[in-house]
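The values are calculated or read from the model by the stated rules, or taken from the named source; none is laboratory data. Quantities reported herein were computed from a predicted structural model and do not represent experimental measurements. Because the Cβ atoms are built from the backbone with ideal geometry, glycine has one as well, and the counts that use them run over all protein chains shown. Heavy atoms of the whole protein, side chains included, go into the accessibility calculation; ligands, DNA and RNA do not. Shrake-Rupley method; radii C 1.70, N 1.55, O 1.52, S 1.80 Å.
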Amino acid sequence: MKTALITGASSGIGAEFARQLAAKKLDLVLVARSQDKLNHLAEELGQQYGVRADVIVQDLTETGASVSVARQVETLGVVIDLLINNAGFGDYGPFVESVLDQQTSMIQLNISALVELTHVFLPTMLERRQGGIINVSSIAGFQPMPYWSVYAASKAFVLSFSEALWAEVKEKGVKVLALCPGPTESKFFDVAKVPSNSDMSSSLNQLDSVENVVKSALAALESGQPNVVTGGVMTQIIANLPRLLPRDVLVDLVEKQFRSS
């Protein structure tokens, strides 16, 4: 039976990946900080689908976290066939007013941990000439975003890195996908502390479901796509605006959209 490792698996998109993959009879390694949530999910999926679901409690912003995860996977005696780098967070507000530790932790989680885990598990996939990696980016990765400056830049990195890796390994039996969701039903906006008086608050009433996001991602990975943008027509428009507008015009429009009143 194949095994998927999912980071940020305790809730939201990560937990939904776990549910849909368990339904497809994949064993799971669930990684997040919350032991109680992970244990509950692992027990639920094990009972419902008869799969093996192991738990690794790890804060991926910590130094050496990826090495720790790799060692624990080795101890479990499993081989990772599908790596889903889902863990990440955003932070809203003017950069100059942000807490620096929060921004560097975001870079560590959204970029460094993702790269490290990919580097750890990709070689075995290439040796076996089979496997898959889904890196969760965002539609924010397609253009600079004032008030989300570090978050959007981190997701632009994920998108670029994933597409480059897709080209490197697509003839070697390994599939790589950058998943770029639009606004999705999760705790993301609460964690990011998005104010209710910003112009973007109205768009939060049009959230895509985590079920649709994950279903679209798994279908895109299977078909060998380098990226997939999930959501409705508006997310497709947002992802393609950089091709249509001068960059200064685009960034100015985005600034007005996301400015807190």
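Tabulated values for the structure
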| item | result |
| --- | --- |
| Size of charge dipole - the range 52-141 - debye, nearest 20, with Cβ of Lys, Arg +1 and Asp, Glu -1, no other charges | 400 debye |
| Residue order for Ile107, Ile56, Ile13 - accessible surface, 1.4 angstrom probe, largest first | Ile107, Ile13, Ile56 |
| Accessible carbon and sulfur surface of the chain relative to its total accessible area, %, 1.4 Å | 53 percent |
| On Cα atoms only, tilt of 210-223 relative to the major axis of the chain in degrees | 70 degrees |
| Per-residue [θ]222 nm for the chain (sum of -39500 (n - 2.57) over DSSP H runs n ≥ 4, rounded to 500) | -14500 deg cm²/dmol |
| Cα convex hull of the chain, projected area averaged across orientations, nm² | 13.7 nm² |
| Per residue accessible area in Å² of the chain, where ligands, DNA and RNA are left out and the probe is 1.4 Å | 48 Å² |
| Most mobile listed residue (Leu45, Leu250, Leu60) in the chain, GNM with C-alpha springs under 10 Å | Leu250 |
| Dipole moment magnitude, nearest 20 debye, the chain about Cα centre, only Lys, Arg, Asp, Glu C-beta charged | 560 debye |
| The range 150-169-the range 201-261 distance, computed between alpha-carbon centres (Å) | 15 Å |
| Over 29 Å between alpha carbons, listed pairs Lys172/Lys215; Lys170/Lys256; Lys37/Lys256 | Lys170/Lys256; Lys37/Lys256 |
| Relative contact order of the chain, defined on C-alpha pairs under 8 angstrom at six or more residues apart (%) | 18 percent |
| Listed residue (Ser260, Ile107, Val29) projecting farthest to the positive dipole end of the chain, Cβ model | Val29 |
| Most mobile listed residue (Pro94, Pro226, Pro146) in the chain, GNM with C-alpha springs under 10 Å | Pro94 |
